[in-house]
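K.L.:
Structure incoming, see below.
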Amino acid sequence: MKKTFTLLTIVTSIAVLFAACKRGASTTPVSTEDTVGFAAFKQLKLQQEQEAAAALYAKSMAANITVAKKNSSTSGTMSSTSTNNAKVETRKKGMSKSAKYAIIGGTGGAVLGAVINKRNRVAGGVIGGVLGGGLGYGIGRKQDKKDGRIE
């Protein structure tokens with residue numbers, strides 16, 4: 001009885017707390033001027049990225065030209081040339097599926113372990129979290145290989 005009353009009190013307190021928070025528009029006017037120069041910083045950063053991309057492109061084109069010149073051969077009236085294109089690797093951004101699945105599996109395993117082991121919930125949660133995290137990592141690693149994120 002005490003546990004249910006305590007749980008009901010906590011849930012009610014949280015509900016009142018969320019209901020008391022205002023999420024509407026504020027009545028104070030918001031200044032839209034750039035006081036710290038963030039817009040100028042973003043523009044400078046974009047310009048630097050564009051210059052770096054142009055330099056990389058020029059470098060790869062120069063490599064193609066030198067390779068084409070080195071592989072050219074002429075004998076009599078026949079000529080052959082070959083060009084090699086530079087391979088640009090794009091690194092995928094964001095969290096890998098192996099990390100994501102490990103977190104989900106660890107959390108789910110910890111909850112299930114604590115629920116199943118009623119005598120010692122901490123030990124059950126730790127064991128379940130380790131097992132669930134390992135299983136989730138294995139599944140996510142397989143998905144990453146399938147997607148080509150890792151080789």
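The values are calculated or read from the model by the stated rules, or taken from the named source; none is laboratory data. Everything numeric here is computed off the predicted structure, so don't read it as measured data. Cβ sites come from the backbone with ideal geometry, for glycine too, and all protein chains shown count toward neighbours.
K.L.:
Go over the candidates 39, 54, 102, 62 one by one and state the one that is at pLDDT 65 or above, aliphatic (A, V, I, L, M), assigned to a helix (DSSP H, G or I) and within 30 Å of residue 125 (Cβ to Cβ).
P.N.:
Residue meeting the stated conditions: 102.
K.L.:
Here's a follow-up. In this structure, is residue 119 in a loop (DSSP other than H, G, I, E, B), loosely packed, with under 12 Cβ neighbours inside 10 Å and at pLDDT 90 or above?
P.N.:
Spelling it out, residue 119 is indeed in a loop (DSSP other than H, G, I, E, B), loosely packed, with under 12 Cβ neighbours inside 10 Å and at pLDDT 90 or above.
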